[in-house]
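**Student:** Structure below; questions to follow.
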Amino acid sequence: MFQKGLKGIVAAETSVGHVDGEKGQLIYRGYDIREIMENSTFEQIAYLLWHGDFPNEQQLNDLTTALKENRNLPAYMIDLIKSLPKDMDIMNVLRTVISAEGRATYQWKPTIEQAIRLTAIAPTIIAYRKRFIEDKPLVDPDASLSHVENYLYMLNGTVPSRAHVNALEAYMILTMEHGMNASTFAARVTASTESDLVSAVTSAIGTMKGPLHGGAPAGVITLLNEVHDSGDIEGTLRKKVLAREKLMGFGHRVYKVHDPRSIALKAKLKQFAGDDEWLDLSMQVEDIGVKVLQELKPGRALYTNVEFYAAGIMKALNMSEELFTPTFSASRFVGWTAHAIEQSEDNVIFRPESRFVGTVRVGS
């Protein structure tokens, strides 16, 4: 059987996560993400994906401590961050520095302890590189702060507001895992060769940096800027739809109904209504955009995807566009490593066939 791009082909069984595009569901370890993220932290959901169930108090404390203890980078990795060309983008730097973590302790089979280490250092690498290329002093990790809070602290040098921490934490929880996407598949393929976890994650990063997978929501940011500057949300959106322009951030190629991540993120952000103008604007643009599309494009009601609210969060946090895919990746480290560990538990190397379409040159 030939299926270009392996679309629709089942290549592995997993209990880590499941995407149901028809029903608009995203499942983490059997739980609908919309039902569990309301009162969950990054650390709790990471534990769930790695272990298969929620932690008790002691288990959560142990994981939180382990993440904090693993945030620091050795001197050679910091030197590497500083020595790479300044025109090298952050995703390439992340891939290169993560690969430098490949020490003798990373052997087959991958372990949760290795997954914790890699997840812990990713935000540190991103924040150090961002501040280095901006000629700002590096901000060391703060062990008194949570995983997400510390990431924002290291980026900006100041302890972030609770609204900003909760907004980014909600986003990072919702992007930890998304089924057999391209980068997760790449991680599992590498793991299936019995290579180490660093190599599996490096493969995933290389895949994520492709614009068809982890590209930044530049179009959504442009839309929000236009609406903000015009002062007329409905008028601006109507003009775009009537001109047959796409409303960026509306629609998703997998989800046929609502993107559950967008619903969950919006519900979380509503708790902070009035705390940030860009978060408020995002919610207004979604509500009005859906109404305009239903009126002007009947039968083609499109709803926002997770990138729509990611753009609003980026604006609220004053994050530059170059930080989007690295931040997305920092959260997906949890899903990548959970899948690689699962792959190792009942491993069969991925070895699909290809169809030869060239000319057989007999006797050549």
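The values are calculated or read from the model by the stated rules, or taken from the named source; none is laboratory data. The structure presented is a predicted model; accordingly, all values stated were derived computationally and were not measured. In this analysis, Cβ positions are derived from the backbone assuming ideal geometry, glycine residues included, and neighbour counts consider all displayed protein chains. SASA here: full protein model, heavy atoms, side chains in, ligands and nucleic acids out. Shrake-Rupley method; radii C 1.70, N 1.55, O 1.52, S 1.80 Å.
**Student:** Hand me the tally of lysine pairs in region 170-307: alpha carbons under 22 angstrom apart, and the pair either on different chains or 8 or more positions apart.
**Tutor:** 14
**Student:** Need one number: nm distance between label points at HIS51 and LEU6, each 7 Å from Cα along Cα→Cβ, rounded to one decimal.
**Tutor:** 3.1
**Student:** Separate question: Using label points projected 7 Å from each Cα along Cα→Cβ, tell me how many nm separate ALA182 and TYR76, to one decimal.
**Tutor:** 3.3
**Student:** Moving on to the next point. Mind listing the phi-derived Karplus ³J(HN,Hα) values for region 223-238, rounded to whole Hz, using 6.51, -1.76 and 1.60 with θ = phi - 60°, and x for any glycine or proline?
**Tutor:** 4, 4, 4, 4, 5, 4, 6, 6, x, 9, 4, 5, x, 5, 5, 4
**Student:** Turning to a different aspect of this structure: Of all accessible surface on the chain at a 1.4 Å probe, what whole percent is carbon and sulfur?
**Tutor:** In the chain, the share of accessible area belonging to carbon and sulfur is 50 percent.
**Student:** What does the extension gain come out to for THR65 and VAL159, with contour length at 0.36 nm per residue minus their alpha carbon separation?
**Tutor:** Gain on extension, THR65 to VAL159, equals 31.9 nm.
**Student:** Further, regarding this structure: At R0 = 30 Å, how high is the FRET efficiency between MET283 and THR105 if r is their beta carbon distance? Nearest 0.05 is fine.
**Tutor:** It comes out at approximately 0.05.
**Student:** State, to one decimal in nm, how far the label point of THR222 lies from the label point of ILE112, with both points 7 Å from Cα in the Cβ direction.
**Tutor:** Result for the modelled spin labels: 4.5 nm.
**Student:** Can I ask one more? So what is the accessible area of the chain per residue, in Å², with the probe set to 1.4 Å?
**Tutor:** Each residue of the chain exposes 46 Å² on average to a 1.4 Å probe.
**Student:** Across region 175-190, in residue order, what do the Karplus-derived ³J(HN,Hα) couplings come to in whole Hz, using 6.51 cos²θ - 1.76 cosθ + 1.60 with θ = phi - 60° and x for Gly and Pro?
**Tutor:** 10, 5, 8, 7, x, 8, 6, 4, 6, 5, 4, 4, 5, 5, 4, 5
**Student:** Enumerate the aspartates and glutamates that LYS109 could reach by cross-link, defined here as Cα to Cα under 17 Å, with residues fewer than 8 away along the same chain left out.
**Tutor:** Cross-link targets: GLU101, GLU194, ASP196, GLU342, GLU345, ASP346.
**Student:** Whole-Hz ³J(HN,Hα) for each residue in region 48-63, computed from phi via Karplus 6.51 cos²θ - 1.76 cosθ + 1.60 with θ = phi - 60°, x for glycine and proline: what do you get?
**Tutor:** Along region 48-63, the couplings run 4, 5, 6, 9, x, 7, 6, x, 7, 4, 5, 5, 5, 4, 5, 5 Hz.
**Student:** Which one is right for this structure if P(r) over Cα pairs in 10 Å bins from 0, in percent is calculated from it: [x] 5, 19, 22, 18, 14, 10, 6, 4, 1, 0; [y] 5, 23, 33, 24, 11, 3, 1, 0; [z] 5, 23, 29, 22, 13, 6, 2, 0?
**Tutor:** Identified label for the calculated read-out: [y].
**Student:** Would you mind computing Rg(Cα) / (2.2 N^0.38 Å) for region 25-147, counting N as its residues?
**Tutor:** Computed over Cα atoms of region 25-147, the ratio equals 1.19.
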